[in-house]
1. Expressed in nm to one decimal, what extension gain is obtained for the pair LYS296 and ASP170 from 0.36 nm per residue of sequence separation less their Cα-Cα distance?
2. Top mean-square fluctuation among ALA215, ALA290, ALA299, Gaussian network model of the chain, C-alpha springs under 10 Å?
3. Report the extension gain between MET1 and LYS63 in nm, rounded to one decimal, defined as 0.36 nm multiplied by the number of residues separating them, less their alpha carbon distance.
4. Using a Gaussian network model of the chain whose springs link C-alpha atoms within less than 10 Å, name the residue from GLY344, GLY319, GLY158 with the highest mean-square fluctuation.
5. With labels modelled as points extended 7 Å from the Cα through the Cβ direction, what inter-label distance (nm, one decimal) is found for GLU346 paired with ASP276?
6. Any idea how far apart ARG33 and ASN226 come out in nm if each label point goes 7 Å out from Cα toward Cβ?
7. Check each of the trypsin sites (Lys or Arg not before Pro) in the stretch 273-357 and keep only those in coil by DSSP with at most 13 other C-beta atoms within 10 angstrom; list them in order.
8. Put +1 on the Cβ of each Lys and Arg and -1 on the Cβ of each Asp and Glu in the stretch 120-259; which of LEU219, THR138, LEU125 then has its Cα farthest toward the positive end of the dipole?
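Read-outs: derived from the displayed coordinates by stated rules, not from any lab. Every value quoted in this text rests on a predicted model; they were computed, and no experiment measured them. Neighbour counts run over all protein chains shown; Cβ positions are idealised from the backbone, glycine included.
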Amino acid sequence: MANPTLLILAGDGIGPEVMGQVTRIIDWFGAKRDLGFDVEHDLVGGAAYDAHGTPLHDDTMAKALDADAVLLGAVGGPKYDDLDFSVKPERGLLRLRKEMDLFSNLRPAQCFDALADFSSLKPDLVAGLDIMIVRELTSGVYFGEPRGIFEEGNERVGINTQRYTESEIDRVARSAFELARRRGNKVCSMEKANVMESGILWREVVERVHKADYADVELSHMYADNGAMQLVRAPKQFDVILTDNLFGDILSDCAAMLTGSLGMLPSASLGAPNADGRPKALYEPVHGSAPDITGKGLANPIACILSFAMALRYSFDQGDEATRLEQAVEKVLADGARTADLMGPEGGTPISTTDMGDAILAALDARL
Ligand code: NAD
């Protein structure tokens, strides 16, 4: 059988630095676990603009649509701040998400025990935390029409429209239920059905999908404002949280901070399954291009490495290998390895991006 294909778009700033460590790990899986990938590299963001005058070349877009999964580093940087909006680095990322129709955004909030002190919550509330937020990414109030700022009498009015079709809710709900089956088998759906019609429809459709095809998964509903409160009160009550674009934007940032550093947070954006059953998929760290530390060897590669672990699990059905990689990261942290962003008030000597890659590879080797 042919190897699965990976398109790597390292992007700008620390993107290529953290992706460099991921590439070593991909090679390790090929050499030591007989899990080879055909990897192709291309440009996105400012790097693509410098080379082609566009943040995403049409050929790159075609390759992304063709690949079994896309891994992205980060885009943007001060050099591109004054570019026209239409060619800003972020437009490259938005085009990928739009044309791949990545409607389901997965943001795990996982707290490694060794980093429990980094959370703004008490360590016992977050130690061992492992929740997944599934956010609808391509519809809702960020896209609904009418939108704009209009004249109304003698003043202006700003309008955005929260709009969801049944099929949009149906497909993201399925994605959450499928995910729950591979985890703790629980979904909590969050909306504001008490005050929003779109929330009433959301709840109805989620229940319908559940009853028809996922009755084995435990389903509960929560108003999103209560959800925010529960996330900081007792986050471990959740397994998968399913929510819309707007609430998901806020709740996933809130959940992210439960776990400490931005340098630790992976994400996945999934679309509809292809003929082979694999979803269209883009994996990327949550952080940006970090211009303040670019080129200094200070970047933490773990968010990007954990994004590859998500690819192993959700695109390639290699859950055991994903766990192997996550456990190697956990071991390295438990042994005290820390990049600069993970230095606590007690201080210590930070290790470099490459040192962190070395340590994770050594931990992988040690468990063979
Ligand atoms: P950022 O995430 O790049 O950085 C925020 C802070 O976190 C910085 O102090 C940075 O040094 C630190 N940080 C981020 N990732 C880190 C890592 N892996 N290891 C250690 N420290 C890390 O956000 P920003 O500064 O607001 O944005 C910088 C640029 O990135 C902007 O051009 C922005 O548009 C872009 N951006 C891109 C994405 C993306 O590509 N998905 C996301 C957010 C921001």
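1. Working: separation 126, 0.36 × 126 = 45.36 nm, distance 4.55 nm.
So the extension gain works out to 40.8 nm.
2. Looking only at ALA215, ALA290, ALA299, the largest GNM fluctuation is found for ALA215.
3. Roughly 20.3 nm would be gained on extension.
4. GLY158
5. My value for the distance between the label points is 4.7 nm.
6. 4.0
7. On the way: sites: LYS280, LYS296, ARG313, ARG324, LYS331, ARG338; in loops: LYS296, ARG338.
Counting only loop positions with at most 13 other Cβ atoms within 10 Å, the trypsin sites (Lys or Arg not before Pro) in the stretch 273-357 are LYS296.
8. Positive-most Cα among the choices belongs to LEU125.
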